1. Sort A:144-153, A:57-66, A:287-296 for me by packing, meaning the mean count of neighbouring Cβ atoms within 10 Å per residue, highest on top.
2. Let me know the mean shielding of A:46-56 by other chains, meaning the per-residue number of their Cβ atoms within 10 Å of its Cβ.
3. Would you mind getting me the FRET efficiency between residue A:16 and residue B:168? Use the beta-carbon distance for r and R0 = 25 Å, nearest 0.05.
4. Could you sort B:70-81, A:67-78 so that the peptide with the highest average Cβ count within 10 Å comes first and the rest follow in order?
5. Note the angle between two axes, namely the Cα long axis of helix B:227-253 and the longest principal axis of the Cα atoms of chain B, as a number of degrees from 0 to 90, rounded to the nearest 10.
6. Averaged over peptide A:101-110, how many Cβ atoms belonging to another chain are found within 10 Å of each residue's Cβ?
7. Under a plain spin-label model, where a point goes 7 Å from the Cα along Cα-to-Cβ, how far apart in nm are residue A:113 and residue A:127?
8. Taking Cα pairs under 8 Å and at least six residues apart, what relative contact order does segment A:232-296 come out at, in percent?
């Protein structure tokens, strides 16, 4: 099976700003892929290029097997896009918004009416179907927007692009949206999502690419990234301020100090041998360390490590 | 090819329906666009009319100009709706559904024509109430309606092009302002020969003047000379310019 998304050397410049700098991507069909990065990293531009809304200055991309520049219409028939801001009309009802999109995608009037009803049902909006969208909650609006992206034929959407789908949503709506993404993915749709929430990428994605300054800083499964870029962290808590200061002088540079709680965070690989070695090295007389805790790395650690120094690296 | 055409027409029709639903639910804007010309007409007829010598009853003289002002003013609103669609990303949804720039703008223009047909009819109704008595032949009515539709289409499409150019609704609103003032230096409210002579050149040859002269002649069943053809020429020229410019601007804005 060909990759759902394949991009090589994507470059895009707006004015003096190089938003994308030779970006490569490879997404296997049926997977959930998260593009993770801070604001301004180039996430939206990447989605816009892959969804045929913008042309790259250099590089190539194929989505669902079709070139995003030369076979634009074919790509459009195979994808759906939900942007950062819900692209539904506030002064139309849910049904009208879906009906409009369905008609625009080429369905006949009766088929559009049926499809609108099906999609409302599927996204739990049937009861709100006749209400103006401006009365919807943020989560409902986002679901309607997702539904509007799927009007053509939910089964025929091969790749779904979600640009920061949960930005600005409350936790409950976020959970609901994650559920929808999981269902789409279970149905065989490839999902390409951008997010600045690490938890979201960790929970949903099969693979993650961390984007910084228009380049891939790292790519891999959530676990691979955590292992490779953040490892584990040993937090040692000193008895008092004096102990803390003694520990601090013995610790390697790079330890995360927290004078408030008399805690030092030391990078480790998490093995018993290394932890024992660290404890001995820090506190040879066994009088300074009161307690310790061992943390497995979070994607936050990966993210902060990677985006602190913008050197590109690869898994 | 015919598939592309049918698809484009369906898309434009669907988007026109959307545009009409949206304006129906934005009654504030619709009422403003109708009240403005009606208020102006009342002001001119009752406040200034007594002082203006036009050779006929002033209401008879001024109504064609007010109708043209109303049509242009309403059509200019297209700039705001297009600019909002561009800003809010709605246009991205349409583009991923493979809708091109022309059907997108044609939908906005068709909605504008529908909207302005209604508001112009209303203005005409009020004009009738305050004493405007058209004497047009059926052919004259048809010709007048045809000219107005051509004018509204051309102005709507020009406004749509401006809507593509502007980044905010406020900036797009400037077209409405311009269209509201364009009829003043024309024969809409006062005969051109009462204006300073340096203004004659512009007032006689700007697009609104032949249109107003034609409507006045057609509605009152008087000779119109070649002004309907000049008016039609203006509309065709402006429409061609607008379609070309908006096509270019749409590609520019969606790169």
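Bear in mind that the values in this text are calculations on the coordinates, not laboratory data. Computed from a predicted model, the values in this text were never measured in an experiment. Using ideal geometry, Cβ is built from the backbone for each residue, glycine included, and neighbour counts are taken over all protein chains shown.
1. On the way: A:144-153: 24.3, A:57-66: 18.5, A:287-296: 14.1.
Result, highest mean Cβ count within 10 Å first: A:144-153, A:57-66, A:287-296.
2. On the way: counts 0, 0, 2, 0, 0, 3, 3, 7, 3, 2, 0.
Averaged over the peptide's residues, the number is 2.
3. On the way: r = 24 Å, r/R0 = 0.95.
Using R0 = 25 Å, I get an efficiency of 0.55.
4. Numbers: B:70-81: 27.9, A:67-78: 17.7.
Ranking, from highest mean packing down: B:70-81, A:67-78.
5. Around 30 degrees separate the two axes.
6. On the way: counts 6, 2, 8, 15, 6, 7, 1, 1, 2, 0.
Neighbouring Cβ atoms belonging to other protein chains average 5 per residue here.
7. Between residue A:113 and residue A:127, the simple spin-label model gives 2.5 nm.
8. Numbers: 105 pairs, mean separation 33.7, N = 65.
Relative contact order, segment A:232-296: 52 percent.
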